[in-house]
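What follows is a short report on a single structure.
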């Protein structure tokens, strides 16, 4: 068993829970909390070794690039990008694709659950599906009738998806390290 993964789970779990609850309640990820997680993980990675630190920074950088385009399109907030950077640091080297895949799947499940529970407005999803599949649909008129993306009914707390994806990634790493040993 790899004890570093176990330490990361123990340290990250309360941090992820606090950020997820804050994101659900207020739709914000405070800079102090996210940067605190980044600093703690940088200290741990530096304690492990310089090679591990550089690998973790590369994973964090490429993970945060995943949300850069949605950030510029106003579909993700800056806190989400910073939290995904922190999640990449915590996941460690060579986990970029696993982390991005698990975060994406967690986000999809979260959005579907929120649609099912009517926590988000399905009008935007309906509009995009009609744009893709219905050639007779008037896209310009449909776009005029859409609610603003900044309204509460259109926002999915993606910090919860990042937390779930990171936790799944760490648990899979722990499971794999126990299987190999």
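A few remarks follow.
- Simple label model, 7 Å out from Cα along Cβ direction - residue 13 to residue 68, nm: 3.5 nm
- If R0 equals 25 Å, the separation of the Cβ atoms of residue 132 and residue 24 corresponds to a calculated FRET efficiency of about 0.25.
- Distance in nm between pseudo-label sites at residue 180 and residue 148 (7 Å out along the Cβ direction from Cα): 5.0 nm
- 0 to 90° range, to nearest 10: angle between helix 78-91 axis and the chain longest Cα axis: 30 degrees
- Relative contact order %, the chain, counting alpha carbon pairs below 8 Å whose residues are six or more apart: 32 percent
- Cβ-based exposure ranking for 59, 96, in which fewest neighbours within 10 Å come first: 96, 59
- Cβ-Cβ FRET estimate between residue 105 and residue 32, R0 fixed at 25 Å, reported to 0.05: 0.30
- The chain - mean residue ellipticity at 222 nm from DSSP helices (-39,500 (n - 2.57) per run, n ≥ 4, rounded to 500): -25000 deg cm²/dmol
- Ranking of 85, 133, 128 by count of other Cβ atoms within 10 Å, fewest first: 133, 128, 85
- Rounded to 10°, Cα long-axis angle of helix 3-26 versus longest principal axis of the chain: 30 degrees
- Ranked list, fewest to most other Cβ atoms within 10 Å of each Cβ, for 66, 175: 175, 66
- Using every pair of distinct Cα positions in the chain, the Kirkwood expression returns a hydrodynamic radius of 17.5 angstrom.
Each value in this text was obtained by applying a stated rule to the coordinates, not by laboratory testing. Quantities reported herein were computed from a predicted structural model and do not represent experimental measurements. Glycine also receives a Cβ, built like all others from the backbone with ideal geometry; neighbour counts cover every protein chain displayed.
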